[in-house]
1. Restricting attention to region 230-284, and to residues there that are assigned to a loop (DSSP other than H, G, I, E, B) and among the acidic types (Asp, Glu), which single residue is farthest from the chain's Cα centre (by Cα)?
2. List every residue pair whose Cβ atoms sit under 8 Å apart, with the two residues 6 or more apart in sequence or on different chains, where the first one lies in region 211-237 and is of a type in the set (Lys, Arg) and the second, anywhere, is surrounded by fewer than 20 Cβ atoms within 10 Å (Cβ to Cβ) and part of a helix (DSSP H, G or I).
3. Could you tell me which of the residues 155, 151, 122, 143 is assigned to a loop (DSSP other than H, G, I, E, B) and at pLDDT 95 or above?
4. In this structure, is residue 294 within 30 Å of residue 60 (Cα to Cα) and touching a residue at least 60 places away in the same chain (Cβ under 8 Å)?
5. Can you tell me which of 160, 171, 192, 229 is aliphatic (A, V, I, L, M), surrounded by fewer than 22 Cβ atoms within 10 Å (Cβ to Cβ) and under 15 Å from residue 105 (Cα atoms)?
6. Please go through region 1-28 and pick out each residue that is closer than 26 Å to residue 282 by Cα and in a loop (DSSP other than H, G, I, E, B).
7. State yes or no: is residue 254 over 27 Å from residue 91 (Cβ atoms) and among the charged types (D, E, K, R)?
8. Of the numbered conditions (1) over 30 Å from residue 185 (Cα atoms); (2) part of a helix (DSSP H, G or I), residue 132 fails exactly one; give the number of that condition.
Amino acid sequence: MAPAVLIAAELRDLLEPGPIPGATMTWLPAEGATPAGGFAAIVPLLSRRIGPAELAGLPRLRIVANCAVGLDNVDLAACAARGVVVTNTPDVLTDATADLTLALVLAAARRLKEGADLIDRGAWTGWDPRLLLGLELSGATLGIVGAGRIGRAVGLRARAFGMRLCYAARAPKPTFELETGALFLPLDALLARSDIVTLHVPSAPETRCLVDARALARMKPGAILINTARGDVVDEAALVDALTSGHLAAVGLDVFADEPQVPEALVRHPRAIVLPHLGSATVRTRRAMAHLAVRNVCALLSGEPLLTPVVAP
């Protein structure tokens, strides 16, 4: 009997017809619960929870091939307990996410939202040497919190703008330091030194609200915060307070704690640039993510080694 596979319907246009040879595929719409049945594999998006309740309805499930780097939506321990392997899609979205991070850095530093709003409202009265003065990147210090693939890629790009780099990570990255001159610092020291702080850590118990009111107070007055990692890394209420008080000059956010809900105070704030989780949103990257997820399923069904397995905690 052909194995049955559930695939997120949003991936259909990113894949060739019949992406899993020999399998019976069911395209899973975004709305509604995960169906129960004898499916051998599921390829979900980050927005679909795969936990004990879903696993109970999928007694023959062998693999969760998450079409994302993050695994916020997958209960790894529950999968391991049932012998279900989990894969993700690292590497393929590094460049796209790093590019978007630099876009947010530039937009926040040069006050692009305020400038565009001035034009939209018909309020621009002409060139003025005092108008919307921002931060010049050359010579400014970028603090990178999390020096994984994306964090390091951001650092390489930032060096091209003449920025000084420091980073906080679980361990020093000697190659990164040699490539960029980045300085390894404890988080508190990084926050105090940086003109711009950019976050590149996964969602985990130890990183939830990593940037809270205390951390924000440690940042330089007039600093900028960028987050293209995970929304729950930041205490959003404390962030609104820091922005409203003027302690932070600006924020650039692509992720939020309760997506797709975005705090209204951030949406409306003139110095908050908010995007709908676009980090990996290029045609090449989204196709590569879909293909990698499907290739993991193909590998498991054919008895070959998985390409990007995730180790359960």
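1. Taking region 230-284 as the starting set, the residues that turn out to be assigned to a loop (DSSP other than H, G, I, E, B) are 230, 235, 245-247, 254-257, 259-260, 262-263, 269-271, 275-282.
If we keep only those that are among the acidic types (Asp, Glu) too, we end up with 235, 254, 259.
On the way: 235: 16, 254: 7, 259: 12 Å.
The extreme case among them is 235.
2. Cβ pairs passing all conditions: 218/188; 218/192; 220/192; 220/193.
3. Unique residue meeting the criteria: 122.
4. yes
5. Working: 171 fails: under 15 Å from residue 105 (Cα atoms); 192 fails: under 15 Å from residue 105 (Cα atoms); 229 fails: surrounded by fewer than 22 Cβ atoms within 10 Å (Cβ to Cβ).
Checking each option against the conditions leaves just 160.
6. Those that are closer than 26 Å to residue 282 by Cα and in a loop (DSSP other than H, G, I, E, B): 15, 16, 17, 18, 19, 20.
7. Taking the combined requirement at face value, the residue does not satisfy it.
8. In the conditions (1) over 30 Å from residue 185 (Cα atoms); (2) part of a helix (DSSP H, G or I), residue 132 misses (2) alone.
The values are calculated or read from the model by the stated rules, or taken from the named source; none is laboratory data. Values in this document were obtained by computation on a predicted structure and should not be read as measured data. For neighbour counting, all protein chains shown are included, and Cβ atoms are generated from backbone atoms with ideal geometry for every residue, glycine included.
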